[in-house]
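For reference, the structure is listed below as structure tokens.
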Amino acid sequence: MKFKYCPKCGEKLKEKFSWDEGMVPYCEIDNIMYFDIPKPCVIVAVIKDKSILLLKQSYIFKNSKVLVSGYVNSGETVEETVYREVIEETGIHVKDIAYLGSEYFKEKDIIMLTFIAYYESGNISKSNEVEWAGWENIDVAIDQMKEDEIGKRVVKKAIDFINCKNKFKE
């Protein structure tokens, strides 16, 4: 979100120099700088044995399967968002979530917080926004995500995480 007017008083913002940040929208009345705020979103690699949960949502990508994702609601932690989005979109309950890093989706000004989560219980029961949902072999999942570059990177992170976790078990 890029601020043009002060959310407190409604005054049109001016530009003010802020050292490392450069020129930043500033309210002279309230003496507040308003830094750009990207929309936070989670994207989750849900793992069950050697499978990963993939979805088909044509409104996101026409010819590609995707991972579970969704926006963080106000008053909600990102971890709560992971649990909520997986349940809402697929009916699946997850456990043992772990943060994998972040990705920035420039076209939509979204900061995507990436996670891995493990299947706990439930049967797939897709929401209305999901055309198809199913378990796919994790080793070939990337081949089904033709358009989803961020999703492919998350799958690679998830595979690295699993491999690292397995090395510690040995």
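The values are calculated or read from the model by the stated rules, or taken from the named source; none is laboratory data. In this text, all values refer to a predicted model and were calculated from it rather than measured experimentally. Note that each Cβ is placed from the backbone with ideal geometry, even for glycine, and that neighbours are counted across all protein chains shown. Ligands, DNA and RNA are excluded from the accessible area calculation, which covers all protein heavy atoms including side chains. Shrake-Rupley method; radii C 1.70, N 1.55, O 1.52, S 1.80 Å.
Can you tell me which residues in region 113-127 are open to solvent by 60 Å² or more (accessible area, probe 1.4 Å) and in a strand (DSSP E or B)? First the steps, then the outcome.
Filtering region 113-127 for residues open to solvent by 60 Å² or more (accessible area, probe 1.4 Å) gives 120, 123-126.
Once the filter is applied, which keeps residues that are open to solvent by 60 Å² or more (accessible area, probe 1.4 Å) and in a strand (DSSP E or B), region 113-127 yields only GLU120.
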Pick from region 27-39, criterion in contact (Cβ under 8 Å) with a residue 24 or more places away in the chain and in contact with a strand residue (DSSP E or B) (Cβ under 8 Å, 6 or more places away or on another chain), ranking: least open to solvent (accessible area, probe 1.4 Å): TYR34
Does region 148-157 contain at least one residue that is farther than 21 Å from THR81 by Cα, modelled with pLDDT under 95 and open to solvent by 20 Å² or more (accessible area, probe 1.4 Å)? yes
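Hey, among VAL24, VAL42, VAL46, which residue is open to solvent by less than 10 Å² (accessible area, probe 1.4 Å), without any contact (Cβ under 8 Å) to a residue 40 or more places away in the chain, part of a strand (DSSP E or B) and not polar (S, T, N, Q)?
Working: VAL42 fails: without any contact (Cβ under 8 Å) to a residue 40 or more places away in the chain; VAL46 fails: without any contact (Cβ under 8 Å) to a residue 40 or more places away in the chain.
Just one listed residue meets the conditions, VAL24.
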State yes or no: is ASP143 surrounded by fewer than 13 Cβ atoms within 10 Å (Cβ to Cβ) and not hydroxyl-bearing (Ser, Thr, Tyr)? yes
Does LEU13 count as open to solvent by less than 80 Å² (accessible area, probe 1.4 Å) and touching a helix residue (DSSP H, G or I) at 6+ places or on another chain (Cβ under 8 Å)? no
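Look at LYS56 and say whether it is of a type in the set (D, E, K, R), closer than 23 Å to ASN128 by Cα and touching a residue at least 24 places away in the same chain (Cβ under 8 Å).
Against the criterion (of a type in the set (D, E, K, R), closer than 23 Å to ASN128 by Cα and touching a residue at least 24 places away in the same chain (Cβ under 8 Å)), LYS56 qualifies.
Considering only residues that are part of a helix (DSSP H, G or I), of a type in the set (A, V, I, L, M, F, W, C) and over 21 Å from ASN137 (Cβ atoms), which ones fall in region 80-103? Before the answer, list the steps.
So in region 80-103, the residues part of a helix (DSSP H, G or I) come out as 80-90.
Then keep just the ones that are of a type in the set (A, V, I, L, M, F, W, C); that gives 82, 86-87.
The answer is VAL82, ILE87.
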Just give me the residues in region 29-54 being in contact with a helix residue (DSSP H, G or I) (Cβ under 8 Å, 6 or more places away or on another chain) and under 20 Å from LYS126 (Cβ atoms), in sequence order. VAL42, ILE43, VAL44, ALA45, VAL46, ILE47, ILE52, LEU53, LEU54
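Taking region 55-79, which residues are open to solvent by 70 Å² or more (accessible area, probe 1.4 Å) and either outside any loop (DSSP other than H, G, I, E, B) or among the hydrophobic types (A, V, I, L, M, F, W, C) (or both)?
TYR71, GLU79
Counting only residues that are of a type in the set (A, V, I, L, M), closer than 30 Å to VAL154 by Cβ and in contact with a Phe, Trp or Tyr (Cβ under 7 Å, 6 or more places away or on another chain), how many does region 17-42 have? Spell out how you get there, then give the answer.
Residues of region 17-42 that are of a type in the set (A, V, I, L, M), as a first pass: 23-24, 29, 32-33, 37, 42.
Okay, now just the ones that are also closer than 30 Å to VAL154 by Cβ, so 37, 42.
Retained after the next criterion (residues that are in contact with a Phe, Trp or Tyr (Cβ under 7 Å, 6 or more places away or on another chain)): 42.
Residues meeting the conditions: 1.
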